[in-house]
Each structure stands twice: as structure tokens, then as C-alpha cells.
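*Asks:* Handing you this structure, nothing more for now.
The values are calculated or read from the model by the stated rules, or taken from the named source; none is laboratory data. For clarity, every value in this text was computed on a predicted model and none was experimentally measured. All Cβ positions, even for glycine, are placed from backbone atoms using ideal geometry, and neighbour counts span all protein chains on display. Heavy atoms of the whole protein, side chains included, go into the accessibility calculation; ligands, DNA and RNA do not. Shrake-Rupley method; radii C 1.70, N 1.55, O 1.52, S 1.80 Å.
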Amino acid sequence: MIGRASAGSKASGAKVPAPVDARGRTLPKQADPAQPLLAVDDLRTYFDLEGATVHAVDGVSFNLQQGEALGIAGESGCGKTTTALSLVRLLPSNARIAGGSIRYFGIDLVPKSAEALRRYRWREISIVFQGAMNALNPVHRLRDQITEPLMERLNLSEAQARKRAGELLELVGIPRKRGSAYPHELSGGMRQRAMIAMALACDPAIVIGDEPTTALDVMIQAQILELLERLRRELGLSLILITHDLSVIAETCDRILVMYAGRVAEEGPVGEVFRRPRHPYTQKLLSAFPNIQADRRTLDVIPGSPPDLRHPPPGCRFAPRCPFVMPVCSEVIPPEVSFGGVRVACHLYPSGSDGTPAGMLAPGYEAPAAVAAPTVAGPTVGAPAGFAAPTVGTPAAVTHPAPVEPPTGGSLA
Amino acid sequence: MTAASVQGVAPRRLRGAVGLWTILRRLLRRPEGLIGMVILLVFIVLAIAPQAFVGQLQTAVTATGHRLEPPSGVHLLGTDELGRDMLNQTVHGARISLVIGFLATVVTVAIGVVVGIVAGFVGGWLDAILMRITDFFLVIPTFVLALILTPIIQQLVGSAATEVFGIRMTLIVIVIVIGITSWSSTARIIRSQTLSLRERAFVDRARVIGAGGGHIMRRHILPNVINLIVANAVLTFAGAVLTETTLSFVGLGDPFQPSWGQLLEAARAAGAPGLGAWWYFVPPGAGIVLVVLAFTLVGSALDDLLNPKRGRRR
Amino acid sequence: MTDDLLRLDDLKVHFPIRNGFVDTVLRRSHGVVRAVDGIDLTLRRGEVLGLVGESGSGKTTTGRVIVKLTRQTSGTIMFDGKDVSNLRGTTGLRPYRRRVQLIFQDPYETLNPKQTINDFVMEPLIVNGLGMDGADRQRRVFGALEAAGMRPATDFAFRYPHELSGGQRQRVVIAGALVMGPELIVADEPVSMLDVSIRTELLRLMLDLRAERGLTYLFITHDLSLAWVIADRIAVMYLGKIMEIGPAERVIRAPHNPYTQALVSVSPSPDPPTAGTRAKRTILVGETPDAAHVPSGCRFHPRCPYAFDRCRVEEPPLFDVGAGHQAACWLAEGGRSLPVLPPHQLGEVAQPGLAADAEVVPKTAAAEALAPAPAAAPAAATGASDPPQPTPGA
């Protein structure tokens, strides 16, 4: 478990130098560089609505090491954005962190007051929001929007701030002279780069990107991801990337955390999780993603819909939609079990499991037919649909479920 | 429930779809909404059937008291210079002021909404021209225009003794004049909203299935500006009452159907302020202030409620 | 009944740039936005054509012109053999609108929040005077809702949009498009605002409907992976022109236009990449230029890694590169493949003219294999005549 680094444990009397991290950045006094960069333990964030409480984040734990890129994946309503906002405490007024801890180099941020947290926001952890390109103030020039937080937070003089702003713009690939432009004069991609520049202004240790490329064209997305990659290498940044787009995580991140209905489903190195997904939800999610590199042109369907988080079901929240559901799933919350670098919360992997799933395809489960693009059989109306239901693989050899190949592109007349 | 709404940050679509009763309930929960509605309710009840409370409107002939009596047990608000009971006058004045205000609002909103929606939806040169006309009426001082128009409309309408909603023709002239001078700000507001509605996908969809302009304006634009119309109408009502008061005060009113403005004018003419007969002008004045205040409170609360940008911090 | 359901010939949509009152009344303009700049497109009956492009490519405008929401500046539109380019007016367009419909992108915006689902689906029938009486119309509405997967229809019909989820709303939109019994449906990003797991259901629905009703789809999307999954043929647009068009397999696996090639290489896939795959990504420099300032010659030349002199001066037509596959690129003249780009370091963007020294490669073996041999079925794909395999639990 994570131990608390107490300042008092250092020898008293002698002048203690400020702690520094692996990059040589000065850290807050109480920081312990020996601790993980970020350790989130059993985080719970709830929303108070009229008459009900939404358990948006309900026991989420993960670590982030220095220089690492973690991708948090999941669909809408799974709690990934709320998790990110909880880290920087930018939640809506009816939300509250109801439990758990967020330790930054051992310092727990949860009990800190809003005032105390300002020290950390933007300077240790910063965030690039979803739709950030529309978060720029339209009546201020770009460069002024960057110098403002620099002067305010780092107490730089205007000249120093301008110099740094210029450096930041170049760092993200915006020509310096474009700093005098107004936001509406810039394209979407440029604005997103500007938001990244602002997030980097105070030289944070962690940058959180909440769907940073979702609204962008695929080519601009590639440029932005390439930029983040370069920044990570050059600056030694740690990244938390939040997105529903698994392919973005595959291309950018070292580790992936899959969330479902406020809880962690699976976590592990990207290569391992994508090649051998353990949790049934991860498997389904992966097979529901169109893959331009694959020969298969089919997609899997996940029947049903996510649960209402005001009244979450007991036990595993994916149970109502899970092809491998067992009686215990609806009653007992599956414990998180680790093996081989991967962490899974699923009864197919009970405590002590070594990664071999212990369960079977539920009897009576109807495997829904996959989407398949039938061929164009020339002039006939209504080409026969080449539908094929996917074989959800037998649990004994659970791999990425390979649906039966439908007829693809046969008659290319 | 969509996942987004479950998260507690109500999606903007949810807000647009609430019904009238919900709005009423929410309105009453706000302090300003509650106060405003209560005041309005009191005056509306009085205005609907003043005879039920104070009997017929007293004229010089049927006056029950002596000249300028201060308030007493018999005459709770005293009497005017002809001996008429002030309570009687004031309550009937409520009817006249409010009915004129109501009719004027109907005229204003009718013209304003039609111009606003048509200009906003059709666009192009029609919009350009309608907007220039609107600007003209917006810029000319209401009062000056009213003074100029009143005798003209009077000629057209004639001063027959026919009544509309219990209001004589002379005052209908005022209604028309207020309508003509006030519609332009409503038109501007409605046009703004129409412009943004026009770009929304459901209007495109209506076009794709073959709906014509009239159908779209009636079935898609209008229902989505109703909220705005209501909020605007309430505020317009307040303005109409004030304008009528002013016009009556400068002598364009009808002494046989004394609105509050008319009563104020009569009080001035009788020298009531100099004589210390406060009971003559305070009741009608208080009536105006209360009613206008009430409409403004309700109108502003409605505006808050129906305004989609609630400023939620994210 | 012709085989080609829809044909666009040299379609152009230019929007004049007008500022202010005087311009509006006098109809003056300062420059032109060339949203669609001369495209030829054919839609065969029963096919799904994926129209792919980034923002500013003109794909949405093309869709809007087909459903007559936007008027073309020049060019012809042939529907079922008849020229419909100049159809106008609510009554004049009625027969056309019955046969050509649109599915919109945003299920939250397409439904009027003040209308019930029933009213929404009924509206096309009322506006066009279809159906014998109220009961008949109601039957059709329920039929459309059920065809779109809302069963039982009575459960959903009298609700308001805010009571439904995104996926359900999109089904309602589809029902609304189906109720008049169209033949051609233009789907403009129909699933991009939905969650991944819901997309598949909607896509499957659309294909089911194609099979049941003989529909033809123009599937507009910016997501090449989505087009890969659903489309029979793919057309790639850039700045108002079609850069490449052909069977999906060929366009994706053997692109002959550098823009297509770049798009395919950067389209992410949920396969963890190796260092090798990362290096093969051709990330173009800059952004798509403004459609008011279209570059001379080939409009892609300022960003093209292969650009050479001719590209800057002359705009290439669509060249045939075999098997119903065409590409607009001077390098494709004569059916050649694209040269091989020198490998670039991770993090470098592909500079224009990078391939000036690249050797021109003759048709690769892979490209050969994809061309239809006269008799034998292509090696890469399984035969279209294989029956679907029965699976457990189906």
C-alpha cells in the first residue's frame, strides 16, 4: 500500500533541500519523490441530483509513474471524465469526492482545501479539456491568454511571460508570430495546440487530456498525437489520456485503464490488454471497433445499455450484458485481481487466478449477428446480406473473439 | 435516461422540453416569482369583476361622499374632488389599466412575432427591409410617436361610443398606438431567436421531407419561441401599463373610463398634491408601481428559467 | 429502371461571400467558396457508397445537394434516368423527396424537442398528403418505427425526444426517413455521435433495411475505418473534388492517390502498433486550405509528398487504375502505383516534395493480385457465394 511520506521524518535541524523529481523539477515541500507520481486509491465521486445520488466514480484505483502515458477508455457515462475532473478538482457544484485518496508523490490531494489545491492545479497537474478549442476567450489575443496565467501563477514579469509564451507556442508547433492572432483566426487544430501550450505553461508533471482529439479531423488528430508523443519524449511528461477511442490509446499510450459504469474493468500494458483482453467488456469493446488494418470487416454488438448510476445493480455492473455471466456476478462485486502485469475485476478471474478464465459462455446467450458489409452483386436489387454471427470464443481459449469471416469484397466487378 | 443526464449535468436538450406546468411550479419556487404572481393574481381578480368588490363605477352623479374627504370608515381611501369613493375609482381603474395593457400587449406581440419570425426565417431582402422598418420604429421615441399618432388614429377610428372588452373607442386608440410603437423590440428579440432556430437540424429535416416555409414557421419555429414570447409578453405588459399611464397623464385618456393614469391626471388637475389630499394620487400610483413591479419580477424570473445558458461550471 | 440510381455530372456548388445589407439586397459577392468543385459520381442501385473526407472536403454539401437542401451552382443530377437538376418548389419536389431521403448526424438536434416521436414520423406523410386517412397514416408510422427496431411501436410513439437515449433517437430519425418508402438514403455521419457499442446496432439496422427494402445508401463520413466496415465502394473527397473512387478493398489496400494513402496510413486502429507501423504513417503537414482559396493545379499539391512540377500547374483528371478504381493523380496516369516513400523518423511530418527523388515503382505484386483476373476469383477475398456459416447460439 502507499505509505504517507511525512515531512517530519526527515532529520530536523538540518536544512532540507526542496524535493525534485526525475526531471529535476522542484516539487512541493511535502512531496516524496520515492512515491509514485500519482496514486489514486478507491476514488469515489458522486453527483447529487434532485432526490438521487449518481455514483459516477465508484471505487477507482490506478497509479501513474513518471514519464508514463496512461489511457483511460470507456464509453459515455462510465465516469472517465469525472475521474479526470476529480484529479484537478474542477467538478460541477453538485459533485463531491465522497471517498478515496489522490496522492501526488505521496501528498493526498483530497483533503486539501480549494485554496491549497491551486498550488497543484496547472503547476503540477494540468488538463486539456474536451472541446478545448472553444474554450479560448474570443476577445483576447492568443499570446495574451498564455501570458496571463504565467504572470498570475508564476509571478513572471510581462517581458518574461512573453518570452516564455513564445517558447511555448514554438514547442507546440505554432509559429511565434501567430501569437498575435485572435482565436477565430486560427483553425481547430491550431487552437487545440494553443490549449496544449497553455496546459504546459507552468511546466506541470502530469497533463490530462480529456478527449483532446475527438472533434478533429483524422489528419489533425495524427498531428496532435504526434505532438503529444514528442512532448512526452522531450519534456519527460506524464500523460493521462481520456477517450472513448481505443485506437488513439493503442497508438499513444503505454498502459490502458478500461472503465465501465464507474468502476475499473481492466488495466494493464497496452500491448497485453489489446492482444489478450481478459474482461468480457474489453473483449466486446475491442471487437466493436472498426479496424482499418484488419481484413475482417465485421463488428460485434454489445446488447443492452449501461446501467443507471443512480441505482447501480448489485454485484458486477456489466453482468446484465455479459456473455459469460454466472450467478455470483449479480450478487458479489468482483474483486480486482492482478496477474502478469494486468489487473482485472471479473469473476472469471477469482483471487489467485493466473489469467486463465474460469467460466463458460452462459447457456441461452444469443450471440447477436455482427455487422457485415455485403458485397455489391451488380444490378440486382438488395444484394443478399452475408451476415454471420461471431463465434464468441470458448472461454478456455479466450482471445480476441474472431467472428466468422463474412464474404468480403468478393466480386469486384 | 441518457448516460449524460445521469451524470447530473443536465444536457441542454432536456431543459428545452419542459412543459408549462413545470415552469409555473418552478416559477413559484423562486421568491421573486412567488411575490410577483401573488400581486398579479390579486389585481387580476380585481380587474375581472370590480363590481363584485366595490359596486359600479361611481360617476359625478352617483358619488357617495363629499369633496376630498380623507380616508375614513365609510370611504377607506377617501374621496376625490367630486366626492367619488377613491377605493371604487382605484379598483375600477385596475380593470381599465390592465385591460388596456392586455390588449396593447396582444397587438404588440402579434405584430412583433409575425415580423420577427418572417424576417428571421425568410431572410434575404425581405429581412433586410423589415429590419430597417423595425429600426425606424425602435429609434423614434415612443412617446413622441404616440402623441403624433393618437389624433390620426382617432380620426380613422372615430370616437364612437362602442366598446371593445368594455373599453371605449377612445382608449382603443391608445391600445393601437401603444401596439404600433412597441412591437419593434419584440420583433428584434423574436427574430434573433428565429435566426438561431433556423440553423438547427430539425428545421433542415423539415425541409428535407418537403415542408414549406409556412409549415416550418408554424410547427417548428413558433413552438420553440413560445417560451421567449411569454417572457417577453409579460415584460411588454408592464411597459404597456406604464405607457398608457403616461399618455393618460398628458390628457389623452378618457375621463369616463378612468385608468390609473387618468386618475393621476385628475388628481393633478384638482390640485390634490397642493391640498395634501394624498389619498387621491397614492392609491392609483401605488397600483401602477405594484403591477409594473409584479410583471417585471415575474418576467425576469421567467427569463432566468427559460434561458438555456444556466452557467454551470465544468 | 436503370442500374445507376443516381448520377452527378460535373457538380459544382459555389457559395458567394456576401457581407452586409447592401450586398444582400444587390446580391453582390466578394469571392467564392468552392465547396464542391466539379465532381462526377454514380450510385448503383443497392450499393453502399462511402463518401469520405475531412472537414472542408465538400462531402456534406454534396449530400445536401442530392436531397435538395442546397442548390447546385452548375452540373446535372440524374435520378433513375431523369434529370432532376432543376426541380423546384414544394410541389415540384414532392415526388423526388418521396424517393430520396436524408439521415442526419445529430440525433439530439434532428428531433424537435416539442414534437412527439409520432408527430415526427408522421410529418412527412402529412406534409406530402400521403396515406388514405388518419388510420392509414398511423399504421405507416408504426410500421416505420418497428422497422427501425422500436418494438412495440406504441411504447415509444407518444414519447418526447428527451425521454429517449441517443441510439433510440437515431432509430427514430431512421424511421422518419423510411416512412415514405424511399429508394435512396443519404446518411450524413449517422453514427458519429453515438457510443461505439451502439454504432454497430445502427449500422446493422441500416444494412438489414438495405437487404429488405432494396435501399441504396450514400454513406458520408470522415471516419475511413467506418467506411471500410460498411461501404462497398469508397470515394475520397478533398477540397471539393473526388481524389479517388473504387471498391473499398482497393481504395484502402492499394490507394493510388497520395491523399488517400496518407489518410489510410494515419487512420488509427485498435491494434497496438509496432515501431514499424508507426514509421509508415504519412502525417501531412498543415491543414486543409480554405475553400475560398483553392490551390492551382492539383489542389492537394501544397501538402503532397510526391508533388512535382506538373502538379502545381495542371489539375489531374480521374485516371482509371483498373477494376472500377480511379484516382486523380498524375502519378496514376497509365495505372501506375505510387512510389515508395523513404522511411521517415517518428515525429517527422511528411514534407511536400519529399518523394521528388523516390523511384517510381511499377505495379506491385499486391496491386496485381487485386486486379480481377478474367476467370479466377481474387486470392485476397473469400468467395461471395459462400453461404453464411451457422454459429452456436445464433
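*Asks:* For the range A:184-201, enumerate the residues that are more than 23 Å from A:Tyr120 (Cα to Cα) and under 27 Å from the mean Cα position of the chain (by Cα).
*Replies:* Passing the criteria: A:Ser187, A:Gly188, A:Gly189, A:Met190, A:Arg191.
*Asks:* Would it be correct to say that B:Phe102 is open to solvent by 80 Å² or more (accessible area, probe 1.4 Å), modelled with pLDDT under 85 and closer than 27 Å to B:Met169 by Cα?
*Replies:* No, not satisfied.
*Asks:* May I ask you to list the residues in the range A:45-60 that are within 21 Å of A:Ala345 (Cα to Cα) and surrounded by fewer than 18 Cβ atoms within 10 Å (Cβ to Cβ)?
*Replies:* Answer for the range A:45-60, where residues must be within 21 Å of A:Ala345 (Cα to Cα) and surrounded by fewer than 18 Cβ atoms within 10 Å (Cβ to Cβ): just A:Gly59.
*Asks:* Let me ask something else. Here are some residues: B:Val208, B:Val144, B:Val139. Which one is without any contact (Cβ under 8 Å) to a residue 12 or more places away in the chain, touching a strand residue (DSSP E or B) at 6+ places or on another chain (Cβ under 7 Å) and at negative phi?
*Replies:* B:Val208
*Asks:* Based on this model, can you work out whether C:Ile252 counts as under 25 Å from C:Val100 (Cβ atoms), within 7 Å of chain A (Cβ to nearest Cβ) and at pLDDT 90 or above?
*Replies:* no
*Asks:* Scanning for something within 14 Å of chain A (Cβ to nearest Cβ) and at pLDDT below 95, does the range C:4-26 turn up at least one residue?
*Replies:* Scanning the range C:4-26, I find at least one residue that is within 14 Å of chain A (Cβ to nearest Cβ) and at pLDDT below 95, so the answer is yes.
*Asks:* Kindly indicate the residue of the range C:187-241 that is assigned to a loop (DSSP other than H, G, I, E, B) and within 12 Å of the chain's Cα centre (by Cα) and also farthest from C:Glu315 (Cα to Cα) among those meeting that condition.
*Replies:* Of everything passing the filter in the range C:187-241, C:Pro190 is farthest from C:Glu315 (Cα to Cα).
*Asks:* Something else now. Would a scan of the range C:185-200 turn up a residue that is in contact (Cβ under 8 Å) with a residue 24 or more places away in the chain and over 19 Å from C:Val52 (Cα atoms)?
*Replies:* Within the range C:185-200 (the criterion being in contact (Cβ under 8 Å) with a residue 24 or more places away in the chain and over 19 Å from C:Val52 (Cα atoms)), the answer is yes, since at least one residue qualifies.
*Asks:* Okay, next question. Give me a count of the residues in the range C:124-144 that are assigned to a helix (DSSP H, G or I) and surrounded by 15 or more Cβ atoms within 10 Å (Cβ to Cβ).
*Replies:* Number satisfying all stated conditions: 11.
*Asks:* Does any residue of the range A:148-171 turn out to be open to solvent by less than 60 Å² (accessible area, probe 1.4 Å), within 14 Å of chain B (Cβ to nearest Cβ) and in contact (Cβ under 8 Å) with a residue 12 or more places away in the chain?
*Replies:* No, because not a single residue in the range A:148-171 is open to solvent by less than 60 Å² (accessible area, probe 1.4 Å), within 14 Å of chain B (Cβ to nearest Cβ) and in contact (Cβ under 8 Å) with a residue 12 or more places away in the chain.
*Asks:* Out of the range A:290-303, which residues are open to solvent by 50 Å² or more (accessible area, probe 1.4 Å) and modelled with pLDDT of 75 or more?
*Replies:* A:Gln293, the sole residue that qualifies.
*Asks:* Can you find a residue in the range A:171-191 that is touching a Ser or Thr at 6+ places or on another chain (Cβ under 6 Å) and either under 20 Å from C:Pro268 (Cβ atoms) or not β-branched (Val, Ile, Thr) (or both)?
*Replies:* no
*Asks:* Please specify each residue of the range B:63-83 satisfying the condition of being open to solvent by 40 Å² or more (accessible area, probe 1.4 Å) and closer than 15 Å to B:Pro255 by Cα.
*Replies:* Scanning the range B:63-83 gives B:Glu81, B:Leu82.
*Asks:* Moving on to the next point. Would you confirm, using the coordinates I've provided, whether C:Pro247 is more than 11 Å from chain A (Cβ to nearest Cβ) and either surrounded by 24 or more Cβ atoms within 10 Å (Cβ to Cβ) or in contact with a strand residue (DSSP E or B) (Cβ under 9 Å, 6 or more places away or on another chain) (or both)?
*Replies:* No; evaluated as a whole, the condition is false for this residue.
*Asks:* If only one of A:Arg233, A:Arg276 is open to solvent by 30 Å² or more (accessible area, probe 1.4 Å), free of Cβ contacts under 8 Å to residues at least 40 places away in the same chain, more than 7 Å from every other protein chain (Cβ to nearest Cβ) and over 13 Å from the mean Cα position of the chain (by Cα), which one is it?
*Replies:* The match here is A:Arg233.
*Asks:* Among residues belonging to the range A:71-96 that are more than 14 Å from chain B (Cβ to nearest Cβ), of a type in the set (A, V, I, L, M, F, W, C) and in contact with a Leu (Cβ under 7 Å, 6 or more places away or on another chain), point out the one that is nearest to A:Tyr260 (Cα to Cα).
*Replies:* Among those that are more than 14 Å from chain B (Cβ to nearest Cβ), of a type in the set (A, V, I, L, M, F, W, C) and in contact with a Leu (Cβ under 7 Å, 6 or more places away or on another chain), it is A:Ala73.
*Asks:* Taking the condition of being assigned to a helix (DSSP H, G or I), open to solvent by less than 20 Å² (accessible area, probe 1.4 Å) and either under 13 Å from C:Val172 (Cα atoms) or not assigned by TED's automatic domain parsing to the domain that holds C:Met206 (or both), how many residues in the range C:86-123 meet it?
*Replies:* So the answer is 7.
*Asks:* Also, quick follow-up: Can you tell me how many residues in the range A:236-251 are out of contact with any Lys or Arg (no Cβ under 7 Å at 6 or more places or on another chain) and more than 9 Å from chain C (Cβ to nearest Cβ)?
*Replies:* Count: 5.
*Asks:* State whether the residues of the range C:284-299 include one that is part of a helix (DSSP H, G or I) and open to solvent by 10 Å² or more (accessible area, probe 1.4 Å).
*Replies:* Looking through the range C:284-299, none of the residues is part of a helix (DSSP H, G or I) and open to solvent by 10 Å² or more (accessible area, probe 1.4 Å).
*Asks:* Which of the residues that make up the range B:195-210 are facing chain C (nearest Cβ under 7 Å) and basic (Lys, Arg)?
*Replies:* B:Arg200, B:Arg205, B:Arg207
Condition check ((1) touching a Cys at 6+ places or on another chain (Cβ under 9 Å); (2) surrounded by 22 or more Cβ atoms within 10 Å (Cβ to Cβ); (3) over 18 Å from B:Ile189 (Cα atoms); (4) free of Cβ contacts under 8 Å to residues at least 24 places away in the same chain) across all residues:
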| residue | (1), (2), (3), (4) |
| --- | --- |
| B:Arg219 | no, no, yes, yes |
| B:Val234 | no, yes, no, no |
| B:Glu244 | no, yes, yes, no |
| B:Gln262 | no, yes, yes, no |
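*Asks:* Then there's this: Helices (runs of 4 or more DSSP H) wholly in the range A:90-202 with at least 1 residues that are over 20 Å from A:Glu226 (Cβ atoms) - which ones?
*Replies:* A:114-117, A:142-153, A:158-171
*Asks:* Please go through the range A:236-263 and pick out each residue that is open to solvent by 20 Å² or more (accessible area, probe 1.4 Å) and closer than 27 Å to A:Ser287 by Cβ.
*Replies:* If the condition is that a residue be open to solvent by 20 Å² or more (accessible area, probe 1.4 Å) and closer than 27 Å to A:Ser287 by Cβ, then A:His244, A:Asp245, A:Glu251, A:Asp254, A:Arg255, A:Arg263 are the ones that fit.
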